[in-house]
Amino acid sequence: MTSSRSDRDRAVLSCPNAASPNSALLDTPLPDSALPDSALLDAAVLDTAMQSALAAALDGPRGANPLVGAAVIAADGRIVTGRHLGAGTPHAEVDAITRARAAGIDLTRSTLVVTLEPCNHTGRTGPCTGAILDAGIPHVVHAIDDPNPQAAGGAALLRARGVHVESGVRAAEATALNDRWFRAYREGRPFVTLKLAQSLDGKVAAADGTSRWITSAASRAHAHTVRTRVDGILVGTGTVRADDPQLTARGADGALLDRQPRPVVLGSTPLSPESHLARNPRTLHLGAGDDAGDEAPTPLPDHLRTAAAEGISHLLVEGGPTVSGAFLAADLVDEIHLYTAPILLGDGLPAVRGLGATTLLEAHRFVLDAADSTSSNPAVLGPDVLTRLVPAPAPSPDLPSTSTPEI
Ligand SMILES: NC(=O)c1ccc[n+]([C@@H]2O[C@H](COP(=O)([O-])OP(=O)(O)OC[C@H]3O[C@@H](n4cnc5c(N)ncnc54)[C@H](OP(=O)(O)O)[C@@H]3O)[C@@H](O)[C@H]2O)c1
């Protein structure tokens, strides 16, 4: 079958935003003769479906895996989205396929749109390419290629099996969606979440050193849920000395939850043999071998690569202020979970030390992470507020000048 571009435009499916074709969105022109009937889609339809897939991706947990969303465009124009909700759960393509099947959609006449190239490897779940081929989907459009060589190759395999594959729709947004994840991947380190539990005036301990409990039971319950989905929790030797933490994930009754992260300690000071973490055989002590003398300490990125080599793909940094400052100063924080309790401590320990910013222009800037369909951001947790933040993509052009004092 052959069809011209204008034929395809006329044959556009019943999508609400199908009015403005924009073939520039596609980096690969559609080779008319290769297209199945099901792929007679206007570029605007693909664009709308990709927007839905990008929105669906935000429902996924930030961390060990990239955020991925997918959408099935049915022959009647219906769009059914799917998302990946974390390690061990179905990938976005499989989720969208499952939901489309449940909606009675004929997948052999549908197009699958996905924010990242379909994977071609068997991890905890099967390869997405297999699910797509099994479903008989004739047309796949992905936004960007997979940077992971283990997972990549899906597009080539699908093409070799006769599926019409295109890429490049909303590529900039798909790249931005996982900007920090891709950076962590390139640097060979875990994705890093920094947790800060502070007072209204940014203190994590009172002047006398007491720090339990600044935030409420609701905040702590949330933080323990986060602990269950990370691979490791890191504190510095200062916090081990001050608090003797266990770094376990526990329920409200104190019972251990099913999935336990690996405790990680940073610093050259040996742990007291009586401490919880010294007695835990799973504890990973980074920097324990560092000479406290003249030798330069091991750089933080090297420690993180060691953690990654130990199987830690998502690391939760829980402080204290010296460690939090070191991670932030080195631009190694991919997201912040900021729990703020409505108390004032005045003199006390600041949440972050040694950041290296001396003027406002050197401030480290963050923006609210996008809210998803299941939770708001900021979120109210009992009396506290949880704000999820990500590094600001670029300096804001409307920054106030520090040379002109505000009066
Ligand atoms: N409210 C909260 O959520 C919260 C959470 C955690 C801690 N805290 C409080 O914070 C206080 C402890 O603060 P802190 O700043 O002393 O402790 P910390 O940040 O946990 O530990 C500081 C130590 O970490 C090691 N370290 C830091 N940066 C490093 C790097 N780049 N490379 C290698 N090692 C590095 C150093 O250990 P070595 O000197 O051994 O090399 C340093 O002395 C306690 O009062 C605790 O209660 C509060």
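Read-outs: derived from the displayed coordinates by stated rules, not from any lab. Treat the numbers as computed from the prediction; the structure is a model and nothing was measured. No Cβ is skipped: glycine too gets one built from the backbone with ideal geometry, and neighbour counts run over all protein chains shown.
For the reader, a short list of remarks on this structure follows.
- Peptides 76-83, 157-164, 51-58, 268-275 ordered by average Cβ neighbours within 10 Å, highest first: 51-58, 76-83, 157-164, 268-275
- Label-to-label distance, nm, for residues given as Asp76 and Ala172 (7 Å Cα→Cβ offset): 3.7
- Segment 229-339: relative contact order in percent, alpha carbon pairs under 8 Å with at least 6 residues between: 33
- Applying D = kT/(6 pi eta Rh) to segment 121-217, where Rh is the Kirkwood radius over alpha-carbon pairs, T corresponds to 37 °C and eta to 0.692 mPa s, the Stokes-Einstein value obtained is 189 µm²/s.
- Using a Förster distance of 22 Å, the FRET efficiency for Ala288-Arg241 (Cβ separation, nearest 0.05): 0.95
- Debye equation applied to the C-alpha atoms of segment 141-185, log10 I(q)/I(0) at 0.15, 0.31 Å⁻¹: -0.42, -1.11
- A cut-off of 5 Å between modelled amide H atoms, ignoring neighbours fewer than 5 places along the same chain, links Arg250 with Leu257.
- Between Ala156 and His224, the simple spin-label model (points 7 angstrom out along Cα→Cβ) gives 4.8 nm.
- Extension reserve of the Thr306-Thr108 stretch, reckoned as 0.36 nm per residue once the Cα distance is removed: 66.7 nm
- Segment 153-205 - charge dipole about Cα centre, Lys and Arg +1 at Cβ, Asp and Glu -1, debye rounded to 20: 180
- The calculated Kirkwood hydrodynamic radius for segment 66-200 is 15.5 Å, given to one decimal from all distinct C-alpha pairs.
- Summary of the geometry: segment 49-120 and segment 190-249, compared by the centres of their Cα atoms, lie 35 Å apart.
- In plain terms, the chain from Asp208 to Glu274 could stretch by 21.4 nm, reckoned as 0.36 nm per residue minus the Cα-Cα distance.
- Rg/Rh for segment 271-378, where both radii come from Cα atoms and Rh is the Kirkwood radius: 1.00
- Protection proxy ranking of 242-249, 41-48, 378-385, by the mean of other Cβ atoms within 10 Å over each peptide's residues and highest first, is 41-48, 242-249, 378-385.
- In this simple spin-label approximation, Asp369 and Arg101 carry label points 7 Å from Cα along the Cα→Cβ vector, and these lie 3.1 nm apart.
- Over segment 194-284 - Rg/Rh using Cα atoms and the Kirkwood inverse-distance radius: 0.95
- Estimated FRET transfer efficiency (Ala252, Ala296; beta-carbon r; R0 56 Å; 0.05): 0.80
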